Structures are given as structure tokens and as C-alpha cells.
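> Have a look at this one before I ask anything.
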Amino acid sequence: MNMKRSGIISLVVLFVVLAAIVASYAFHINRKAAQDAEKVVESTAVQKVLMKDLERNYPPTPKEVVKYFAEITKCFYNEDYTEEELEQLALKIQGLYDTELIENKSQEDYMADLRSEIASMKNSESKISSYVLSSSVDVEEFVENGYSCARLYCTFNVKQGTSGTVRSMEQFVLRKDDDGHWKIFGWELVEE
């Protein structure tokens, strides 16, 4: 009887050890799967800008429109991208433009001018280090020719190679379209 009892005890101990091994293995597999799920693929600045869906999530204020414009502009001059991404960035920024602004140039001329401007900035080793938008209280809203318009400023800090940083202040005029979206009607360099 003792023999039988020790055999049963040995069998129970063996099952407990096997159950502990299986539970430990399952815990390890679950932990590894959770860690893999937590790993987030880092997007580039270009990819982050391109992910914005202007159809569903158009910037609600003039300030947000110019902020998105500035982010795309930083990508043009600061980042590396493919030709396809350049074309996608160009379409994104044009999505912020008023139809009258877009109609001023053919798409071919727009892309040629854009490529030339980007090449010029990159050849001079210039990069936009930062930008500062007008505060919300400094956004001037007005009506012109029956359109709701807004005026605000954005100062770009441009690092030029090793020669330091230059400030470039731009005045933006935006106009509401028929869908109630603020669109960039134009901008110009402001002499300080």
C-alpha cells in the first residue's frame, strides 16, 4: 500500500511540475505578445503630415490651417522623402489653398516652382528650425467682397547653414469657402 501511495504522490508531483512549466510558458508567450503589440512603429514627419485626412478632419480655425501649412512647409525643406511623397505633400498643402489661389498656376507650373524653391533652400543648407503663429487674439477677422476673411502672421526661424538663424515673418490672408473651411487666399513676406 505504501508503494502505491508513493507512486500516486510521485504522479501528483509530476503533474504539478508539468502544470507549472506549461503555465510559465503560457505567461512568457503572453508577455512577449503584449510587448510586441506595444512596440509602435515611429512615423517620419512626412508620414505624420500625410496621415491627416482633410476631408474628415479639416483644421477648424485660421490658426490651425496656417499651423498645418507650416508643418508641411517644414517637411518640404527639412525632410527626406520620395518623389511620390513630394507630390502627396503638394496635394495636401494645396488642399489648404483657396480655389482662386490654385487657379493662378497649372499643376505642372506649381510643381516646377515648388521643386525649384526646395532645391534652392536645400542648396543653401537652409532649414526651418521653428515657427511661431500669431496668438488667437491677434487673428484679425473681417469681411471683404462678401467673404469672411482672416489675417494672421507666422514667423519662420530659418537656420542657414552655419551662419545662424534668420527670422522670416509672413502675413497670411484666409477666406472661408462655401463649406465653412478657412482656406489660404494668399501670403506675403512682411518687412520688419
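> H181 fails exactly one of the following numbered conditions: (1) without any contact (Cβ under 8 Å) to a residue 60 or more places away in the chain; (2) open to solvent by 30 Å² or more (accessible area, probe 1.4 Å). What is the number of that condition?
Single failed check for H181: (1).
> Shifting gears a bit: Does R56 meet the test of being basic (K, R), exposed (fewer than 10 other Cβ atoms within 10 Å of the Cβ), modelled with pLDDT under 95 and not in a helix (DSSP H, G or I)?
Yes, satisfied.
> Do we have any residue at all in region 127-138 that's within 17 Å of P60 (Cα to Cα) and either open to solvent by 90 Å² or more (accessible area, probe 1.4 Å) or out of contact with any Lys or Arg (no Cβ under 9 Å at 6 or more places or on another chain) (or both)?
yes
> I would also like to ask the following. L89 is checked against (1) farther than 20 Å from V46 by Cβ; (2) open to solvent by less than 70 Å² (accessible area, probe 1.4 Å) and fails just one. What number does that condition carry?
Among (1) farther than 20 Å from V46 by Cβ; (2) open to solvent by less than 70 Å² (accessible area, probe 1.4 Å), L89 violates only (1).
> Of the conditions (1) free of Cβ contacts under 8 Å to residues at least 60 places away in the same chain; (2) open to solvent by less than 70 Å² (accessible area, probe 1.4 Å); (3) more than 23 Å from C75 (Cβ to Cβ); (4) assigned to a strand (DSSP E or B), V143 satisfies every one except a single condition; which number is it?
With (1) free of Cβ contacts under 8 Å to residues at least 60 places away in the same chain; (2) open to solvent by less than 70 Å² (accessible area, probe 1.4 Å); (3) more than 23 Å from C75 (Cβ to Cβ); (4) assigned to a strand (DSSP E or B) applied to V143, the lone miss is (2).
> Of the residues K105, K122, which is in a loop (DSSP other than H, G, I, E, B) and either under 21 Å from A45 (Cβ atoms) or not hydroxyl-bearing (S, T, Y) (or both)?
Selected residue: K105, the only one of K105, K122 that is in a loop (DSSP other than H, G, I, E, B) and either under 21 Å from A45 (Cβ atoms) or not hydroxyl-bearing (S, T, Y) (or both).
> List the number of the failed condition for V190; all other conditions in (1) farther than 26 Å from Q88 by Cα; (2) in contact (Cβ under 8 Å) with a residue 24 or more places away in the chain; (3) open to solvent by 60 Å² or more (accessible area, probe 1.4 Å) hold.
Failed condition: (3).
> Let me ask something else. Can you find a residue that is open to solvent by 30 Å² or more (accessible area, probe 1.4 Å) and assigned to a loop (DSSP other than H, G, I, E, B) anywhere in region 148-156?
No, because not a single residue in region 148-156 is open to solvent by 30 Å² or more (accessible area, probe 1.4 Å) and assigned to a loop (DSSP other than H, G, I, E, B).
> Right, another one. So which pairs qualify, if the first residue must be in region 92-111 and over 14 Å from W187 (Cα atoms), the second must be outside any helix (DSSP H, G or I) and not aromatic (F, W, Y), the Cβ gap must be under 8 Å, and the two must be at least 6 apart or on different chains?
Within 8 Å, the pairs are K92/K52; K92/L54; G95/L54; T99/D177; T99/K183.
> So which residues in region 139-148 are among the hydrophobic types (A, V, I, L, M, F, W, C) and more than 11 Å from P62 (Cα to Cα)?
Initially, region 139-148 is screened for residues among the hydrophobic types (A, V, I, L, M, F, W, C), giving 139, 142-143.
Of everything in region 139-148, those that are among the hydrophobic types (A, V, I, L, M, F, W, C) and more than 11 Å from P62 (Cα to Cα) turn out to be F142, V143.
> Can you name the number of the only condition in (1) open to solvent by 70 Å² or more (accessible area, probe 1.4 Å); (2) assigned to a strand (DSSP E or B); (3) over 26 Å from K48 (Cβ atoms) that R167 fails?
(3)
> Working only within region 138-157, note down all residues that are β-branched (V, I, T) and under 25 Å from the mean Cα position of the chain (by Cα).
Passing the criteria: V139, T155.
The values are calculated or read from the model by the stated rules, or taken from the named source; none is laboratory data. Fair warning: this is a prediction, and the values are worked out from it, not measured in the lab. Here Cβ is always computed from backbone atoms with ideal geometry, including for glycine, and neighbour counts include all displayed protein chains. Side chains included, ligands, DNA and RNA excluded: accessible areas come from the protein's heavy atoms. Shrake-Rupley method; radii C 1.70, N 1.55, O 1.52, S 1.80 Å.
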